[in-house]
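The values are calculated or read from the model by the stated rules, or taken from the named source; none is laboratory data. Nothing here was measured: the structure is a model prediction, and the numbers come from that model. Here the Cβ positions follow ideal geometry from the backbone for every residue, glycine too, while neighbour counts run over all protein chains shown.
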């Protein structure tokens, strides 16, 4: 079964937001990711990423452009992870599904223990942003 998941690329100065999972799938627990979540049936992907970031961090963002996707097979599911460039609008961080967050440079991003699905996205950012 393929699950569509959207992720937000949120830039602040020359750094990008990643967050450490503290809930959910044991395969990604404690790993870093570009934040986001599952797209609901018949939901627009841009609306989904805006909703997920509001739910997970209490931040308001605007999804702008689709960048890249990666299909990743986990033991119990297959994920189509779709990265969107997003603009921060407002709100203060309040963590719900993550234990911490950090803004990192594109050169540092691959030094973190990323979720398997996020690794190709990090490489794309390093080489193209």
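Things worth noting here:
- For the stretch 99-129, the set of residues classified as surrounded by 14 or more Cβ atoms within 10 Å (Cβ to Cβ) and part of a loop (DSSP other than H, G, I, E, B) consists of 106, 108, 112, 115, listed by residue number.
- Restricting 55, 33 to those that are within 19 Å of residue 93 (Cα to Cα), at pLDDT 95 or above and touching a helix residue (DSSP H, G or I) at 6+ places or on another chain (Cβ under 6 Å) reduces the list to 33.
- Scan of the stretch 36-50 for residues that are touching a helix residue (DSSP H, G or I) at 6+ places or on another chain (Cβ under 8 Å) and buried (at least 19 other Cβ atoms within 10 Å of the Cβ), ordered by number: 36, 39
- Strands (runs of 3 or more DSSP E) wholly inside the stretch 10-93 containing at least 2 residues that are free of Cβ contacts under 8 Å to residues at least 60 places away in the same chain: 36-38, 60-73, 78-90
- Answer residue from the stretch 67-86, given it is in contact with a strand residue (DSSP E or B) (Cβ under 9 Å, 6 or more places away or on another chain) and loosely packed, with under 14 Cβ neighbours inside 10 Å and is nearest to residue 9 (Cα to Cα) among those: 71
- Test: residue 19 is in contact with a strand residue (DSSP E or B) (Cβ under 7 Å, 6 or more places away or on another chain), exposed (fewer than 13 other Cβ atoms within 10 Å of the Cβ) and at pLDDT 95 or above: no
- Residues satisfying the stated conditions in the stretch 88-98, i.e. surrounded by 14 or more Cβ atoms within 10 Å (Cβ to Cβ) and more than 18 Å from residue 22 (Cβ to Cβ): 88
- Which listed residue, of 27, 60, is more than 19 Å from residue 126 (Cβ to Cβ), surrounded by fewer than 18 Cβ atoms within 10 Å (Cβ to Cβ), at pLDDT 95 or above and over 14 Å from the mean Cα position of the chain (by Cα): 60
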